[in-house]
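> This is the structure I want to talk about, given as structure tokens.
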Amino acid sequence: MTTTASTFTGDERRTGGAPVVSFANVNKSYGAVQAVADLNIELHPGETVALLGPNGAGKSSTLDLLLGLRNPDSGTVRLFGTTPQRAIEQGKVGAMLQSGSLMEEVRVREIIKLACDLHPRAYPVEQVLEQAGITEIADRLVNKLSGGQEQRVRFAMATAGANELIVLDEPTTGMDVTSRQQFWGAMRRQADEGRAILFATHYLEEADAIADRVIVLHRGRVLADGSAAEIKARAGARKISFDLDGELPEAELRQLPALAGLSMAGRTVRIQSHDPDATVHAVYRLGLYPRNLEVAGLGLEQAFIAITDAATAEEGGAR
Amino acid sequence: MNTLIKLEVARTLRNKKFMFFSLLYPVLLYLMISAGVKTDSPVGDTKLSFALLYMVSMASFGAITSVLVGNSERIAKEREKGWTRQLRLTALPGHGYVLAKIASAAVVTLPSILVVFASAAAVKGVRLETWQWLALTGTIWAGSCVFAALGVAIGYAATGDAVRPIAMIVYFGLSILGGLWFPSTRFPSWLKHIAEYVPTHAYAGLGQAIERGDTPGGKDLVILVGYLLIFAGAAAWLYRRDTHKS
């Protein structure tokens, strides 16, 4: 199975349709810990959205609230204009949880048949097995599967019927590279059928490659919400690195235009710049001869770190 | 929902260790307790011989063991592992879950009752009319559903390490108060009044009435049905509520 790049853009998918998910001013605390703080999110039909954040950012809490597994302290969570529980009973939502283990002492086919029988708009069992790539292991006992196989069974349970929203909490945890690619291939087919997909992850490359919209959560708040490209742009800088012979002219380097960051190690200079063209030009005008010059965009990972660091610093400053 | 019931029954049957001990435990207890006793003299004012009285007591006791303790522990474990969270994300109604759990418990109790009866007949020479055997089997089997529902409720009300002690306290409390271990005729009168409303007492009472050849008491039946509704209702409510917090 190969993964073919989807050509949808965020904007195309966002047009039209009532919100699939809407969080309005949602708060949730556990004791003194505020897991979700004044969350406002809207998801639209056909969107593939990544919920990105470090551990403890509130991803799982957000998904629990979304699925009605927990109730918010204040604010409202609506799915398809109704309560999460109603939406689930209507067979509009399929979910794959991070912690949800499977029923033990039963075979894969039996548990999938159960999921199909409980779904108001179910697909045939064989089709569900096929789509999740678990036809070959259908007669195995569920408690004898590897981590990756178990994930695929959970995915099959989440796609047992004609859901309009699929929710996945860190779905590729425990999968090897091949399984991961197969998994996202299967996921893309779901998206291409017009389903909204929301997945939580801390794998940035996954969010970058798969999602057409990325929501960055940090300490229960939405820090950024846009396409992966927009988030990278928001972090602003691109990075420049080069080596110099002789003494590093630090004072002059600090005067470079569009400078967002400067670090020096040995003869290597690393610069973050808002305008790399201007910065590099100025380096030459100083009469320097940079060797091994590299200019690169920040990866989503660095963008993510830049955004969360900035937020942490701001919070610290406000205190 | 039928699929879930079938699946719960199938996986209980596949759990050979659980089946084995659930079958063996009541019959061993019965044979041990009745071993040293002069078994054909009547016990208290029950007009029943020791072998006969204890046959029903131990069949009931054995049935309760597997459905109350077994059910609550298995359910608490499933909750911890997150399976019930996954199940909550399906359109399954709360009563469907409780029904499936009761059905899977009933699969274990029927053979355990039959084994006690068979050994009472073979080893202790207990003789009853055919209708009595059938009625006893049906009554004790059906009655065990009350305690299966209680087991589901406990499995949902308690978590982790607390499940076993709570289930054990409820289980021994009910067994002793209900007169499954020593006939309740030996209780002081104040305790007798309380014991009359304990579900195990009504449960054993139905069996003893059949052994005497009487019509089972309407009061006992009402008490048991009442408890069944309360326990099953509580279990279904706890199932629906549970995942909000766990």
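> Quick query: amide H of A:A260 versus all other amide H atoms, modeled in the peptide plane; which residues come in under 5 Å with a sequence gap of 5 or more or a different chain?
A:Q272, A:S273, A:H274
> OK, next. Karplus couplings for the range A:133-141 from phi (6.51 cos²θ - 1.76 cosθ + 1.60, θ = phi - 60°), rounded to Hz, Gly and Pro as x?
With the stated coefficients, the range A:133-141 comes to x, 10, 4, 5, 9, 4, 9, 7, 6 Hz.
> What residues have an amide H closer than 5 Å to that of B:V126, excluding those fewer than 5 places away on the same chain, when H is modeled at 1.01 Å from N in the peptide plane?
When sequence neighbours closer than 5 places are left aside, the close amide H contacts are B:A121.
> What's the Kirkwood radius of chain B in Å, using all Cα pairs?
One decimal place: 18.4 Å for the Kirkwood radius.
> I would also like to ask the following. For chain B, modelled as a Gaussian network with Cα springs under 10 Å, which listed residue fluctuates most, B:S22, B:S60, B:S189?
B:S189
> Residues of B:90-96, mean number of Cβ from any other protein chain within 10 Å of their own Cβ, rounded to a whole number? Intermediate results must be reported in sequence, preceding the final value.
Details: counts 14, 11, 5, 2, 0, 0, 1.
Mean shielding count: 5.
> For the protein assembly as shown, give the share of DSSP beta bridges that are antiparallel, in percent and rounded to the nearest 5; count only bridges with both residues there.
Antiparallel bridges: around 70 percent, rounded to the nearest 5.
> Please turn the phi angles of the range A:74-90 into ³J(HN,Hα) values with the Karplus equation 6.51 cos²θ - 1.76 cosθ + 1.60 (θ = phi - 60°), one per residue in order, whole Hz, x for glycine and proline.
8, x, 10, 10, 10, 10, 6, x, 9, 6, x, 4, 4, 4, 5, 4, 7
> Give me the distance in nm between label points sitting 7 Å out from Cα along the Cα-to-Cβ direction at A:A18 and B:L28, one decimal.
Placing both labels 7 Å along Cα→Cβ, they lie 6.1 nm apart.
> Where a ≥ b ≥ c are the square roots of the eigenvalues of the C-alpha gyration tensor, would you call the range B:78-194 rounded, which needs a/c under 1.5, or, failing that, prolate if a/b is larger than b/c, or oblate?
Because a/c hits 1.5 or more and a/b fails to exceed b/c, the range B:78-194 counts as oblate.
> What average number of partner chain Cβ atoms lie no more than 10 Å from the Cβ of the residues making up A:154-165?
That works out to 1 on average.
> Pulled fully out, how much extra length does the chain show between A:H281 and A:A296, if you take 0.36 nm times their separation in residues and subtract their Cα-Cα distance?
Once the chain is fully extended between A:H281 and A:A296, it gains 3.8 nm.
> Percent of accessible area on the range B:2-245 owned by carbon and sulfur, 1.4 Å probe?
The nonpolar share, carbon plus sulfur, comes to 69 percent.
> Before I look further, what does chain A give for accessible area per residue, probe 1.4 Å, in whole square angstrom?
Heavy-atom accessible area per residue stands at 45 Å².
> I would also like to ask the following. So what's the Cα pair-distance distribution over the protein assembly as shown, bin width 10 Å, in %?
Over the protein assembly as shown, the share of Cα pairs per 10 Å bin runs 3, 15, 20, 17, 14, 11, 8, 5, 3, 2, 1, 0 percent.
> Just want to confirm a number: the relative contact order over chain B, from Cα pairs under 8 angstrom separated by 6+ residues, in percent.
Reported relative contact order: 27 percent.
> Any chance you could check the Cα centroid distance between the range B:139-179 and the range A:112-138 for me, in angstrom?
What the calculation gives is 36 Å, centre to centre.
> Moving to a separate point now. What is the distance in Å between the Cα centres of the range A:225-272 and the range A:58-76?
Centre-to-centre (Cα) distance: 40 Å.
> Sticking with this structure for a sec: A:V36's amide H: which non-local residues (gap 5+, or another chain) put their own amide H closer than 5 Å, with H modeled 1.01 Å from N in plane and none for Pro or chain starts?
A:K28
> Which lysines does B:K192 reach when only Cα atoms under 19 Å apart count, and residues fewer than 8 places away in its own chain are ignored?
B:K47, B:K219
> Pop out the ³J(HN,Hα) list for the range B:163-169 in order, Karplus 6.51 cos²θ - 1.76 cosθ + 1.60 with θ = phi - 60°, rounded to Hz; leave Gly and Pro as x.
So the Karplus estimates, Gly and Pro as x, are 4, 4, x, 5, 4, 5, 4 Hz.
> Would you tally the net charge around A:M175, using a Cβ to Cβ cut-off of less than 15 Å, leaving A:M175 out, and scoring K and R as +1, D and E as -1?
Numbers: positive: A:R152, A:R154, A:R180; negative: A:E150, A:D169, A:E170, A:D176, A:E205, A:E206.
My count for the surroundings of A:M175 gives -3.
> Of B:L24, B:L92, B:L53, which is the most mobile in a GNM of chain B whose springs link Cα atoms less than 10 angstrom apart?
The residue with the greatest mean-square fluctuation here is B:L92.
> Could you work out the mean count of beta carbons from other protein chains within 10 Å of each residue's beta carbon in A:48-59?
Per residue, the number of nearby Cβ atoms from other chains is 0 on average.
The values are calculated or read from the model by the stated rules, or taken from the named source; none is laboratory data. All values derive from a computational prediction rather than experimental measurement. Here Cβ is always computed from backbone atoms with ideal geometry, including for glycine, and neighbour counts include all displayed protein chains. For the accessible areas, the whole protein counts, side chains as well, though only heavy atoms, and no ligand, DNA or RNA atoms are used. Shrake-Rupley method; radii C 1.70, N 1.55, O 1.52, S 1.80 Å.
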